[in-house]
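Comments concern the structure below.
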Protein chains: 2
Amino acid sequence: MSEKIGILAIGHGSRLPYNNQVVTEIANMIKEAHPEYVVKAGFMENSEPTVEEALMSFEGTGVTTIAAAPVFLASGIHITKDIPAILKLDPETNEGELELDGNKVRIVYAKPLGSDELIADLIFKRAQEVL
Amino acid sequence: MSEKIGILAIGHGSRLPYNNQVVTEIANMIKEAHPEYVVKAGFMENSEPTVEEALMSFEGTGVTTIAAAPVFLASGIHITKDIPAILKLDPETNEGELELDGNKVRIVYAKPLGSDELIADLIFKRAQEVL
């Protein structure tokens, strides 16, 4: 069986529309740039689909592994506790497992954005836009 | 008088060290990439320096304009209300003014990171790291 990879972009969620929009648009950009991946977005709280709903939406896609990627700037309690609890990750391995279409699907957990030149470049671009 | 530009990277701040580290490292990356700019980091809450302290730390640098750039993923109440209040921005123009070394310094306000290909690329890179 060949590997088919899913990416679940996980947003914080908000009662305001902005976080949902940004995370959904980023998921769509990844999907367009990498059409061989199945890309979904899900939210930790206050927005839909929830992370659980987004995981179940990989049903029928044939993914064998899902990379759960938090669209969060930095680590914190949501990254270290809340999202791993929702994903039911094994605290030893930081990996999880899900049954989809009767098959076991592996869940791996990516790091948040963090300090990266790409973020520095984007902040500089945002500053240039108003200077 | 020639223009000298400051960039103030504004982080949310946190009692945990992660947000502070990421925002400070991003400010340092911008500083290294653009040594002709004066780059500082400041925090909205829970971390130091505060935004006010960071603004005052431009004293003696000779900056004529400061771009206040929120290191936040998406808009929300912090972006639309809290930070503009700290920066004392004019709600009409979204600009502010500060006196440093006896001179008026203009403050302009950048947009948060938002949905940008650079973020999509970084999320994809973070997924690849664990796949």
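The base-10 log of I(q)/I(0) for the protein assembly as shown, evaluated at q = 0.07, 0.13, 0.15 Å⁻¹, reads -0.27, -0.81, -1.01 [Debye formula, identical scatterers on Cα atoms, solvent excluded].
Taking label positions 7 Å along the Cα-Cβ direction at both A:Thr65 and A:Glu53, the computed distance is 2.9 nm, reported to one decimal. Axis of helix A:17-33 versus longest Cα principal axis of chain A: the two differ by about 70°, to the nearest ten degrees. Using the Cα coordinates of region B:5-129, the gyration tensor eigenvalues translate into equivalent-ellipsoid semi-axes of 25, 17, 14 Å, sorted from longest to shortest.
In terms of distances greater than 19 angstrom between alpha carbons, the cross-link table entries A:Lys111/B:Lys111; A:Lys4/A:Lys40; A:Lys4/A:Lys81; A:Lys125/B:Lys104 yield A:Lys111/B:Lys111; A:Lys4/A:Lys81; A:Lys125/B:Lys104. Once each part is reduced to its C-alpha centroid, what is the distance from region A:3-62 to region A:89-111 in angstrom? Between the Cα centre of region A:3-62 and that of region A:89-111, the gap is 16 Å. The calculated P(r) of region B:76-131, using every Cα pair and 10 Å bins from 0, goes 20, 31, 23, 19, 8, 1 in percent. Helix A:117-130 against the longest principal axis of chain A: what's the angle in degrees, Cα atoms only, rounded to the nearest 10? Result, in degrees: 40.
Each value in this text was obtained by applying a stated rule to the coordinates, not by laboratory testing. Computed from a predicted model, the values in this text were never measured in an experiment. Neighbour counts run over all protein chains shown; Cβ positions are idealised from the backbone, glycine included.
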